[in-house]
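A short worksheet on the structure shown next.
Laboratory data are not the source of any read-out in this text; all were calculated from the coordinates shown. Just so it is clear, the model here is predicted, and its values are computed rather than measured. Cβ placement follows ideal geometry from the backbone for every residue including glycine, while neighbour counts extend to all protein chains displayed.
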């Protein structure tokens, strides 16, 4: 597991002074990812999104490591090209450094419009870590729904009204899609447990091949929660089993976090302090809430089975 004392000695490669919102999880993801790298040289690629636009406002940059800004849909492709050039230079004897490559993308640029380039990077076997900071909607462009948006959540393109009660579809299981690429390392995490996340990043960076981490990252604006509650929100996602936290190493599943106290909480505990779910607390939506609970229960039991855990 990650050692906090050792991490505290590592240099910060994302400086303060960026424009990310108070309570935003994207900056925490970037800081923890780079701290996990220790003294290894790291090249960062970031898709257009909240993380990029808030940390690279011309003529300033919050990054103290080589940084490449890619288009919304091709962070993985850009990182693939850089990694391929690095491999070529090493073979030619023109470069000796042992460099790591990290690509960041939000769920919109990862689950949806970036899925093709991500799939290609994983299939080709580039040695890079792709981190999806998953805030469950296109937050940077106006809180539109993505395929990572959960059923029942309100977004500007899946609003709550007389006809519909938020997004009707279930969210995509992107981590399972990445596992299906037979990559050596894939994981889900939350920023509310730094030890679990940093340990996974360290494993991913040491993996000889492609790695993918899907980390739940709160957006206090899109979720409609208080900035100071961001970390607790994702911890509740774990407690309610809405967001299972696990890793898959060479196809073998392992659960790395369980609900606090060993007791699984009802999904309403995750919903009740977020504006995007407030309609689910109304009596007329009791049937929808029960359906969501049943779906979460079924998927949690599936993960338990894959991890060889008992209910």
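Side notes on the structure shown:
- Degrees separating the helix 194-205 axis from the principal Cα axis of the chain, which is the longest one: 40 degrees
- In terms of its C-alpha gyration tensor, segment 1-139 has an oblate overall shape, because the principal axis ratio a/c (a ≥ b ≥ c, square roots of the eigenvalues) is not below 1.5 and a/b does not outweigh b/c.
- Protection proxy ranking, peptides 229-235, 282-288, average beta carbon neighbours within 10 Å, highest first: 229-235, 282-288
- Residue of 269, 73, 136 that the Gaussian network model of the chain assigns the largest fluctuation, springs spanning Cα pairs under 10 Å: 269
- Sequence ranges 294-301, 201-208, ranked by mean other-Cβ count within 10 angstrom, highest first: 201-208, 294-301
- For segment 259-302, alpha-carbon Rg and Dmax in angstrom: 11.3, 32
- Taking the longest Cα principal axis of the chain as reference, the axis of helix 286-306 is set at about 40 degrees.
- Among beta bridges identified by DSSP and lying wholly in the chain, the antiparallel ones come to about 30 percent.
- Taking a ≥ b ≥ c as the square roots of the eigenvalues of the Cα gyration tensor, segment 74-228 is prolate, since a/c reaches 1.5 or more and a/b is larger than b/c.
- Choice from 199, 240, 149 with maximal GNM fluctuation in the chain (Cα, 10 Å cutoff): 199
- By definition, a body whose alpha carbon gyration tensor gives a ≥ b ≥ c is oblate when a/c is 1.5 or more and a/b is not larger than b/c, and segment 207-311 fits this oblate description.
- Counting all C-alpha pairs of segment 10-306, share separated by more than 31 Å (%): 26 percent
- For segment 10-306, relative contact order (Cα pairs under 8 Å, six or more residues apart, normalised by length) works out to 16 percent.
- Compared with the dominant Cα axis of the chain, that is its longest principal axis, helix 26-36 is turned about 40°.
- With N the number of residues in segment 131-201, Rg(Cα) / (2.2 N^0.38 Å) evaluates to 1.34.
- For the chain, built as a Gaussian network whose Cα springs stay under 10 Å, the top-fluctuating residue of 174, 128, 118: 174
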